[in-house]
Amino acid sequence: MKKIKKFIKRLFLTLFYNAIYKSYICLFGSRDNRQLKYRISLCLIFKDEAPFLKEWLDYHIAIGIDHFYLYNNNSTDNFLEIIQEYIDRNIVTLIDWPEERSQNKCYEHCLKTFCNETKWIGYIDADEFVVPKYKEDINDWFSDWEKFPAVKIDWLQFGTSGVVHHDINMNVIEQYFSCWDHFWLGKTFINTRFKIANWNTLYFHHHSYVYYPILGHDVVVPAINQFGYINPMGPSLGGGRNQIQNSTIQINHYYIKSWDIYQKKMKKTDVLFDKNPKGWDKFFTREMMCISRDYTILRFLMKMKFVQGVIQ
């Protein structure tokens, strides 16, 4: 009986969000006319990610990200040498964040502190790369979603591609192509006009709930996904069996990278969990799911190399 009631409740919410709520936004929702310094920014909390920060920054600059809020969580490597030039160019705002396992607090601080600087904030990690599939600039992709308080972009999980030793002279996006044949979870971009309703949940950045004013009342609503569907249950709706083929954007999640990189990850402390969740079981489970290949991100490779100064 409890399962039936739970199913009915979820079904009702799904119908409400996708019929009444979405129609209300399309008819009465307003576009963001604020004149702010940035349109789209990324928030990253990092710990000892120096070898990967430059590529991560250069790539996202290439696709049109305006600014980066980087929270250093007790790193012991040479990260400052890597990002100092971006700080000097006012592309990066660096915040020292010494509190351990406080990722959500960091994200909340970012939204409250910088909501009047940027229109959108995306919460992603250093092993995640946002990939528009048809638009050359991510700003163009977000222009279709300005009325909505939050947009969820799906993960495409990548494996080792058989790489044992990561080549530090090559970019991550040039080395790893094996991936799952379907989307899983994802990350959320928040329209900074609105307030988050579920900061205290463990995975709010996978599936954010936001307060949206309707007829004088703040209604708690989930993020809309790239297919134009809102699902309170979490997984993506709208893409069907051909989610990847029907998608217009994805987040490449290089969770594993090479064998030697993953070995090092297992020994690191985590910015969120008390116990590092990266273990051998997770390695092989995710690696065995890689039955496909995806090269979409390579469309931005030459543009990124231009940002890096490799080509003139």
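Here, each number is a calculation from the coordinates, and none is a lab measurement. Model, not experiment: these values are computed from the prediction. Cβ coordinates were reconstructed from backbone atoms using ideal geometry, including for glycine residues, and neighbour counts include every protein chain displayed.
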Approximate spin-label separation Asn200-Gln312, in nm, with each point projected 7 Å along Cα-to-Cβ: 5.9
Quotient of Cα Rg and 2.2 N^0.38 Å for segment 1-103, N being how many residues it contains: 1.62
Relative contact order, percent, the chain [alpha-carbon distance under 8 Å, six or more residues apart]: 22
In segment 1-103, GluC sites (Glu not before Pro) in a DSSP loop with at most 16 other beta-carbon atoms within 10 Å: Glu99, Glu100
Nonlocal amide H pairs with Leu156, under 5 Å, H built at 1.01 Å: Ile251, Asn252, His253
Unsatisfied cross-links (Cα-Cα over 27 Å) in the set Lys152/Lys257; Lys9/Lys152; Lys119/Lys257; Lys37/Lys147: Lys119/Lys257
Simple label model, 7 Å out from Cα along Cβ direction - Ala19 to Thr296, nm: 3.1
Cα long-axis angle, helix 79-88 against the chain (0 to 90 degrees, to the nearest 10): 60
Under Karplus coefficients 6.51, -1.76 and 1.60, residue-wise ³J(HN,Hα) of segment 58-68 in Hz, glycine/proline x: 4, 5, 6, 5, 5, 8, x, 5, 7, 8, 9
Coordinate range along principal axes, alpha carbons of the chain, Å, largest first: 55, 46, 39
Residues of segment 89-107 with amide N under 17 Å of the 7 Å Cα→Cβ point at Lys37: 89-96
Pairwise label distance in nanometres, Thr113 with Asn78, each label 7 Å out on the Cα-Cβ vector: 2.7
Antiparallel %, DSSP beta bridges [both residues in the chain], to 5: 55
Estimated vicinal HN-Hα couplings, Hz - segment 139-155 in sequence order (Karplus 6.51, -1.76, 1.60; Gly, Pro = x): 4, 5, 5, 6, 4, 7, 10, 4, 7, 8, x, 7, 10, 9, 10, 6, 7
Placed amide H near Ala150: partners under 5 Å, 5+ positions off or other chain: Asn191, Ile224
Long-range amide H partners of Ile214 with built H, under 5 Å: Val219
Using θ = phi - 60° and Karplus 6.51 cos²θ - 1.76 cosθ + 1.60, couplings along segment 162-173 (whole Hz; Gly, Pro as x): x, 7, 8, 10, 5, 8, 5, 8, 10, 5, 4, 5
Calculated Rg and Dmax of segment 76-235 using C-alpha coordinates, Å: 17.6, 57
Potential lengthening between Asp218 and Lys6 on full extension [0.36 nm per residue; Cα-Cα distance subtracted]: 74.0 nm
